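Structure first, then comments.
A short reminder: the numbers here are calculations on the coordinates, not readings from a lab. Everything quoted here is computed from the prediction, not taken from an experiment. Methodologically, a virtual Cβ is constructed for each residue, glycine included, from the backbone with ideal geometry; neighbour enumeration extends over all protein chains shown.
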Amino acid sequence: MLIHGLWDTPELFARLTGALAGRRQALLTPHLPQRLGLTPVMELAQQLGRQIEAAYGPEQPLDLLGFSMGGVIGRSWIQLLGGHRRTRRFISVGSPQQGTLTAQPWPRWPLSGIADVKPSSPLLRRLNSELHTLESVECCSFYCQPDLMVLPARCAVLPIGPTHQLPVLSHHQLLRHPAALEPLVRELLRP
């Protein structure tokens, strides 16, 4: 399952799915309309849960890859909505798992989704204080140092699991540049 971020659509994953070239079963790439940051992350996590249930039923084990805010949405589903019971692996790519300073100036109303990724937001505090449900999932984080969407870049990693810095120069190159696609494909193909 591939989860897009704010201002993105599932088409964002075209190069990644092309690089996988049928070497893995079909990946679900749901559209989660974030309405420019108006939709709260938990509401998007609930939508994600409904789409997972509709596509895979209630029990099939899953691997999730979340890009940017999609990583926080996926993590919220895993940790707070029971997704940990069926998630085998969670790959966070350029996701503000510890918040981002770029969200700091935006007000909670009406931009609740963006406010959810402020450093020390109530959502992120809850996720980071309740790690027991994430500990049963194999986690890893990919990020790039010059990421201007997740500031500082060290905030783009999960509190558990290995981290991998990718040699790309921007947030969206994390899913477009061959130097990033290669390690992501390797991770997705790993048994």
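Considering the stretch 142-151 alone, what residues qualify as being out of contact with any helix residue (DSSP H, G or I) (no Cβ under 7 Å at 6 or more places or on another chain) and either aromatic (Phe, Trp, Tyr) or in contact (Cβ under 8 Å) with a residue 40 or more places away in the chain (or both)?
Within the stretch 142-151, just Leu148 meets the criteria.
Please go through the stretch 65-80 and pick out each residue that is more than 15 Å from Glu135 (Cα to Cα) and either over 8 Å from the mean Cα position of the chain (by Cα) or assigned to a helix (DSSP H, G or I) (or both).
Met69, Gly70, Gly71, Val72, Ile73
Return yes or no: is Ala54 among the aliphatic types (A, V, I, L, M), over 17 Å from the mean Cα position of the chain (by Cα), under 18 Å from Arg89 (Cα atoms) and surrounded by fewer than 14 Cβ atoms within 10 Å (Cβ to Cβ)?
In short, no.
Go through (1) within 30 Å of Gly57 (Cα to Cα); (2) outside any helix (DSSP H, G or I) one by one and return the number of the condition Asn128 breaks.
Condition (2) is where Asn128 drops out.
Looking at (1) under 30 Å from Gly22 (Cα atoms); (2) touching a Pro at 6+ places or on another chain (Cβ under 6 Å), which one does Val150 not meet, given that it meets all the others?
(1) is the only condition that Val150 fails.
Scan the stretch 41-55 and report the pairs whose first residue is closer than 22 Å to Arg126 by Cα and touching a residue at least 40 places away in the same chain (Cβ under 8 Å) and whose second residue is hydrophobic (A, V, I, L, M, F, W, C) and not in a helix (DSSP H, G or I), with Cβ atoms within less than 6 Å and a gap of 6+ or a chain change.
Close Cβ pairs satisfying both conditions: Leu44/Leu32.
Of the conditions (1) in contact (Cβ under 8 Å) with a residue 40 or more places away in the chain; (2) basic (Lys, Arg); (3) buried (at least 16 other Cβ atoms within 10 Å of the Cβ), Arg86 fails just one. Which one is it?
Of (1) in contact (Cβ under 8 Å) with a residue 40 or more places away in the chain; (2) basic (Lys, Arg); (3) buried (at least 16 other Cβ atoms within 10 Å of the Cβ), only one is false for Arg86: (1).
With respect to the numbered conditions (1) over 13 Å from the mean Cα position of the chain (by Cα); (2) crowded, with 18+ Cβ neighbours inside 10 Å; (3) among the hydroxyl-bearing types (Ser, Thr, Tyr), which one is the sole condition not fulfilled by Ser92?
Status for Ser92: all satisfied but (1).
It is to be established whether one or more residues within the stretch 98-121 are within 19 Å of Ile160 (Cβ to Cβ), surrounded by 16 or more Cβ atoms within 10 Å (Cβ to Cβ) and small (Gly, Ala, Ser).
Taking every residue of the stretch 98-121 in turn, at least one turns out to be within 19 Å of Ile160 (Cβ to Cβ), surrounded by 16 or more Cβ atoms within 10 Å (Cβ to Cβ) and small (Gly, Ala, Ser).
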